[in-house]
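Enquirer: After the C-alpha coordinates below, expect a handful of questions from me.
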Amino acid sequence: MISSDEILELAKQLSQSAEALPQITHLKKELKKQLRGIKNQIKQVELEKQSVLLKAEHLHQHLHALREKSIQVRNETWSIENQVKTLFNHLKEVYKHALNNAHQQRLYSHALKTRQQRLYSIT
(Lines give C-alpha, C1' and ligand atoms only; values in the text may rest on other atoms or scores of the structure.)
Protein backbone atom coordinates (compact mmCIF):
# COMPACT_ATOMS: atom_id res chain seq x y z
CA MET A 1 0.00 0.00 0.00
CA ILE A 2 0.93 3.58 -0.55
CA SER A 3 1.38 5.69 2.50
CA SER A 4 -0.33 9.01 2.97
CA ASP A 5 3.04 10.78 2.76
CA GLU A 6 3.64 9.19 -0.59
CA ILE A 7 0.19 10.23 -1.74
CA LEU A 8 0.87 13.79 -0.58
CA GLU A 9 4.24 13.78 -2.38
CA LEU A 10 2.62 12.51 -5.59
CA ALA A 11 -0.14 15.12 -5.26
CA LYS A 12 2.48 17.82 -4.78
CA GLN A 13 4.41 16.66 -7.86
CA LEU A 14 1.18 16.45 -9.88
CA SER A 15 0.26 19.97 -8.78
CA GLN A 16 3.68 21.26 -9.81
CA SER A 17 3.37 19.45 -13.16
CA ALA A 18 -0.04 21.05 -13.72
CA GLU A 19 1.42 24.48 -12.98
CA ALA A 20 4.31 23.87 -15.37
CA LEU A 21 2.05 22.60 -18.17
CA PRO A 22 1.30 26.09 -19.63
CA GLN A 23 5.01 26.92 -19.64
CA ILE A 24 5.80 23.60 -21.30
CA THR A 25 3.09 24.23 -23.92
CA HIS A 26 4.44 27.75 -24.53
CA LEU A 27 8.01 26.43 -24.86
CA LYS A 28 6.81 23.74 -27.24
CA LYS A 29 5.14 26.40 -29.45
CA GLU A 30 8.30 28.56 -29.35
CA LEU A 31 10.46 25.58 -30.32
CA LYS A 32 8.11 24.83 -33.23
CA LYS A 33 8.39 28.47 -34.40
CA GLN A 34 12.17 28.31 -34.16
CA LEU A 35 12.20 25.02 -36.04
CA ARG A 36 10.07 26.54 -38.84
CA GLY A 37 12.45 29.52 -38.94
CA ILE A 38 15.47 27.20 -39.19
CA LYS A 39 13.76 25.18 -41.95
CA ASN A 40 13.03 28.42 -43.85
CA GLN A 41 16.66 29.48 -43.45
CA ILE A 42 17.78 26.10 -44.77
CA LYS A 43 15.47 26.53 -47.79
CA GLN A 44 16.86 30.03 -48.38
CA VAL A 45 20.43 28.76 -48.16
CA GLU A 46 19.58 25.98 -50.63
CA LEU A 47 18.13 28.54 -53.06
CA GLU A 48 21.22 30.72 -52.70
CA LYS A 49 23.41 27.65 -53.19
CA GLN A 50 21.58 26.83 -56.44
CA SER A 51 22.00 30.42 -57.60
CA VAL A 52 25.71 30.36 -56.82
CA LEU A 53 26.11 27.02 -58.61
CA LEU A 54 24.37 28.39 -61.70
CA LYS A 55 26.59 31.46 -61.66
CA ALA A 56 29.66 29.27 -61.22
CA GLU A 57 28.61 27.12 -64.18
CA HIS A 58 28.07 30.24 -66.28
CA LEU A 59 31.49 31.58 -65.29
CA HIS A 60 33.06 28.20 -66.05
CA GLN A 61 31.54 28.23 -69.53
CA HIS A 62 32.68 31.81 -70.04
CA LEU A 63 36.20 30.92 -68.90
CA HIS A 64 36.26 27.97 -71.30
CA ALA A 65 35.19 30.25 -74.17
CA LEU A 66 37.91 32.76 -73.21
CA ARG A 67 40.52 29.98 -73.18
CA GLU A 68 39.41 28.87 -76.65
CA LYS A 69 39.59 32.47 -77.88
CA SER A 70 43.03 32.88 -76.29
CA ILE A 71 44.31 29.80 -78.12
CA GLN A 72 42.84 31.08 -81.37
CA VAL A 73 44.43 34.52 -80.92
CA ARG A 74 47.78 32.94 -80.02
CA ASN A 75 47.68 30.77 -83.14
CA GLU A 76 46.74 33.74 -85.31
CA THR A 77 49.57 35.74 -83.72
CA TRP A 78 52.07 33.00 -84.53
CA SER A 79 50.77 32.85 -88.08
CA ILE A 80 51.13 36.62 -88.50
CA GLU A 81 54.62 36.53 -86.97
CA ASN A 82 55.64 33.82 -89.41
CA GLN A 83 54.19 35.79 -92.33
CA VAL A 84 56.07 38.91 -91.19
CA LYS A 85 59.32 36.93 -90.89
CA THR A 86 58.81 35.45 -94.36
CA LEU A 87 58.04 38.87 -95.81
CA PHE A 88 61.06 40.40 -94.07
CA ASN A 89 63.34 37.67 -95.42
CA HIS A 90 61.88 38.19 -98.90
CA LEU A 91 62.45 41.96 -98.63
CA LYS A 92 66.06 41.34 -97.55
CA GLU A 93 66.57 39.21 -100.67
CA VAL A 94 64.95 41.86 -102.88
CA TYR A 95 67.15 44.52 -101.25
CA LYS A 96 70.28 42.39 -101.82
CA HIS A 97 69.34 41.93 -105.47
CA ALA A 98 68.63 45.64 -105.82
CA LEU A 99 72.01 46.53 -104.27
CA ASN A 100 73.73 43.98 -106.48
CA ASN A 101 71.94 45.32 -109.56
CA ALA A 102 72.82 48.90 -108.59
CA HIS A 103 76.45 47.89 -108.12
CA GLN A 104 76.45 46.06 -111.44
CA GLN A 105 74.86 49.10 -113.05
CA ARG A 106 77.57 51.38 -111.60
CA LEU A 107 80.29 49.01 -112.79
CA TYR A 108 78.74 48.82 -116.22
CA SER A 109 78.26 52.59 -116.34
CA HIS A 110 81.86 53.15 -115.21
CA ALA A 111 83.15 50.65 -117.77
CA LEU A 112 81.08 52.33 -120.49
CA LYS A 113 82.41 55.79 -119.55
CA THR A 114 85.97 54.47 -119.47
CA ARG A 115 85.50 52.90 -122.89
CA GLN A 116 84.00 56.05 -124.32
CA GLN A 117 86.85 58.12 -122.88
CA ARG A 118 89.37 55.77 -124.50
CA LEU A 119 87.52 56.00 -127.78
CA TYR A 120 87.51 59.80 -127.58
CA SER A 121 91.13 59.90 -126.60
CA ILE A 122 92.02 57.71 -129.59
CA THR A 123 90.10 59.84 -132.01
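Enquirer: Using θ = phi - 60° and the Karplus curve 6.51 cos²θ - 1.76 cosθ + 1.60, what whole-Hz ³J(HN,Hα) does each residue of the range 67-72 get, with Gly and Pro shown as x?
Expert: Once θ is set to phi - 60°, the couplings for the range 67-72 become 4, 4, 5, 4, 5, 4 Hz.
Enquirer: Probe of 1.4 angstrom, ligands and nucleic acids ignored: what's the accessible area per residue over the chain, in square angstrom?
Expert: Per residue, the chain has an accessible area of 98 Å².
Enquirer: Run the paramagnetic zone check for VAL52: 7 angstrom along Cα to Cβ, then residues of the range 17-38 with backbone nitrogen under 11 Å.
Expert: Taking a point 7 Å out along Cα→Cβ of VAL52, no residue of the range 17-38 has its backbone N under 11 Å.
Enquirer: Moving on to the next point. Pop out the carbon and sulfur fraction of the accessible area of the range 28-75 as a percent, whole number, probe 1.4 Å.
Expert: Ligands and nucleic acids excluded, carbon and sulfur reach 61 percent.
Enquirer: Taking every pair of alpha-carbon atoms in the range 1-52, give the share separated by more than 19 Å as a whole percent.
Expert: Within the range 1-52, distances greater than 19 Å cover 59 percent of Cα pairs.
Enquirer: Translational diffusion coefficient, Stokes-Einstein: compute it for the range 1-104 using the Kirkwood radius over C-alpha pairs as Rh, at 25 °C and 0.890 mPa s, and state it as an integer in µm² s⁻¹.
Expert: 106
The values are calculated or read from the model by the stated rules, or taken from the named source; none is laboratory data. Keep in mind that this is a model prediction, so the values were computed, not measured. Because the Cβ atoms are built from the backbone with ideal geometry, glycine has one as well, and the counts that use them run over all protein chains shown. Heavy atoms of the whole protein, side chains included, go into the accessibility calculation; ligands, DNA and RNA do not. Shrake-Rupley method; radii C 1.70, N 1.55, O 1.52, S 1.80 Å.
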